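The values are calculated or read from the model by the stated rules, or taken from the named source; none is laboratory data. This structure is a prediction, so every number in the text was calculated from the model and none was measured. Neighbour counts run over all protein chains shown; Cβ positions are idealised from the backbone, glycine included. The accessibility values were calculated without ligands, DNA or RNA, using every heavy atom of the protein model including side chains. Shrake-Rupley method; radii C 1.70, N 1.55, O 1.52, S 1.80 Å.
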Amino acid sequence: MGFFSLLCDSIMARYIFITGGVVSSLGKGLASAALAALLQARGYSVRLRKLDPYLNVDPGTMNPYQHGEVFVTADGAETDLDLGHYERFTGCPSSRMDNITAGRLYLDLLSKERRGEYLGVTVQVIPHLTDAIKESITAENEGVDFVFCEIGGTVGDIEGLPFFEAIRQLGNELPRGQAVYIHLTLLPFVAAAGELKTKPTQHSVKELLSIGIQPDILLCRCDRPIPENERRKIALFCNVREPAVVQALDVKSIYDAPIVYHKERLDSEVLSAFGITNAPEPDLKTWHTISHRVHNPEGEVRILVVGKYTSLPDAYKSLREALVHAGIANRVRVCLEWVESEIFEKKDLDFFLGNVHAILVPGGFGERGTEGKIAAVKIARTYKIPYLGICFGMQMAVIEISRNVAGITGAGSTEFRHVQEPVISLMTEWTDDDERAHRSKSTDLGGSMRLGSYEAYLKAGSKIENIYGCNRIFERHRHRYEVNLHYRDRLEKAGLVFSGLSPDSLLPEVIELKDHPWFIGVQYHPELKSKPFDPHPLFVSFIAGAVEQSRLV
Ligand code: GLN
């Protein structure tokens, strides 16, 4: 299907393009998500998309220090963490179509070129790459009122140019009044002058204008209110209407953002830029409740998180948020004590006892630091401290129980260099859409994992069944290795319950311990589905367990 027929199909959708300037990490993703939540609260349907100009095909193979968390969609795409914000604020599940990278587009383009599909023409950035970008933006938007399209990076980045060019072209090709450009900038406060400075914003808008994009709205990040004079100056020099200069003050909790943006009239400005004057007022009751609960906890629990990349807040973004959501549900503040697992290998473990109310080992990859994680499991098991093991954290729990309870002393994972007893290993086959598929270590790293939403059956009468309140669940996965069922009998004799299995019973999805107040490991990532207004039951129960524990210590 050609680009124009696609465009006609999605003609009803209005497009909001979000770009950033001055510096990165200003929170474009969060701003998009919060604005989308506001439009939803007015009764509109939304779809959010992220375009990443880097050359990786997806962030799946990137180091968390480079990129932060890899967010996995239900349909199994490894995507940018902004998609997590989108889902958490709107509740709309994203798909692999919602995160497009330059790498992915070039890969498709060059494969097409090799197949001779361009019929001898010179393949160029304009129009071939820009057309491909426009097709991705406009595809499958039928029935959506507002499509958000965020461009990664900042204006002026070389690799971003084709993306800015594509959204510029779309502004002309869409019917008049169907596209609005929001530019997010920073107003730094310079102490020596005692002023918020507007010059970086002016330069950033100039850069945008030089590629043909006139922003309709400027969203200005600042740590104090913008004085009238500065606001006027920005409007004048950046050629925007004065009310369209919207301040985005720092917020204490990200869940305050929808309320704060509404107070600053961001949603009204966007609607008026589209010429919509009769929109209903937003219903913000839910956001007020969430914000009130975040700021008024009735207690506090401390959770020890033993992982890698603990110094980088974005590496476990969804996990942090899922714990906040569970705190909201339990009316407590959840304080996280992050410990680098390698440190845990050396430190006196007893130091933590009495100081923490639960222990969590999150997902992870590679052998480094695993002994520290296994030591953390041992502490949780022997001192009966609530334990949640997510993916790698479940695998570490199985190794610990194998070694120290089931007597399988050489227990380990085939992900590690030397292993005598592979209690965690690669399964050669697994069920994928009714076909038997094979996984091996030798394939391309990207996309070689079991990714996305899979079904699991929960054992009747188990703790996990009780937590979910049902015996059939769908959760998102991102792993290569699994618990090796050859060890099942020995592990069950040691008190381990296989309380969740894949429908073919070949793949353990949940394990739990019988004689323990709260000890659960899951092969999937429940944090990816948690929302502030719909907290994940597993985290809610885990934090309730921590609250219980806090009464004991
Ligand atoms: N490294 C483990 C595996 O691939 C766990 C992955 C994870 O925690 N996401 O199975």
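Placing dummy labels 7 Å off each Cα toward the beta-carbon, the span from Glu228 to Leu55 is 5.3 nm. Taking each of Lys252/Lys531; Lys28/Lys317; Lys199/Lys263; Lys317/Lys384; Lys384/Lys531; Lys206/Lys233 in turn, the alpha-carbon distance tops 21 angstrom for Lys199/Lys263; Lys317/Lys384; Lys384/Lys531. Helical runs assigned H by DSSP (4 residues or longer) give the chain a calculated mean residue ellipticity at 222 nm of -10000 deg cm²/dmol, each run adding -39500 (n - 2.57) before division by the residue total.
Taking a sphere under 12 Å around the Cβ of Gly461 and counting the other residues whose Cβ falls inside, with K and R at +1 and D and E at -1, yields a net charge of +1. For the pair Lys514 and His292 in one chain, pulling the backbone fully straight at 0.36 nm per residue adds 76.2 nm over the alpha carbon distance. If you plug the beta carbon distance of Asp504 and Cys92 into 1/(1 + (r/R0)^6) with R0 = 30 Å, you get a FRET efficiency near 0.45. Other residues with beta-carbon under 13 Å from the beta-carbon of Asp314 carry, at +1 per Lys or Arg and -1 per Asp or Glu, a net charge of -2.
Residues of region 365-407 with an amide N closer than 19 Å to a point placed 7 Å from the Cα of Leu426 along the Cα-to-Cβ direction: 365-368, 392, 395. Using the Cβ-Cβ distance between Tyr383 and Arg551 with R0 = 22 Å, the FRET efficiency computed as 1/(1 + (r/R0)^6) comes to roughly 0.90. Straightening the chain between Val23 and Asp250 buys 80.2 nm, computed as 0.36 nm per residue apart minus the Cα-Cα spacing. Ranked by solvent-accessible area (1.4 Å probe, protein heavy atoms only, all chains present), the residues Met62, Met97 order from largest to smallest as Met97, Met62.
Note that the chain presents 42 Å² accessible area per residue, ligands and nucleic acids not counted, probe 1.4 Å. What's the local net charge at Glu230, with K and R +1, D and E -1, over the other residues with C-beta under 13 Å away? Computed value for this residue: +3. Restriction of the GluC sites (Glu not before Pro) in region 293-345 to DSSP coil positions whose beta-carbon has at most 15 other beta-carbons within 10 angstrom yields Glu298. Our estimate of slack between Ala192 and Thr277, defined as 0.36 nm per intervening residue step minus the Cα-Cα distance, is 26.3 nm. Take Leu249: with every protein chain present and a 1.4 Å probe, its accessible area is about 50 Å². Per-residue Karplus couplings for region 59-70, computed as 6.51 cos²θ - 1.76 cosθ + 1.60 with θ equal to phi - 60°, are listed in order as x, x, 9, 7, 5, x, 5, 7, 10, x, 5, 9 Hz, Gly and Pro entered as x. Between region 85-134 and region 223-280, the alpha-carbon centres lie 32 Å apart.
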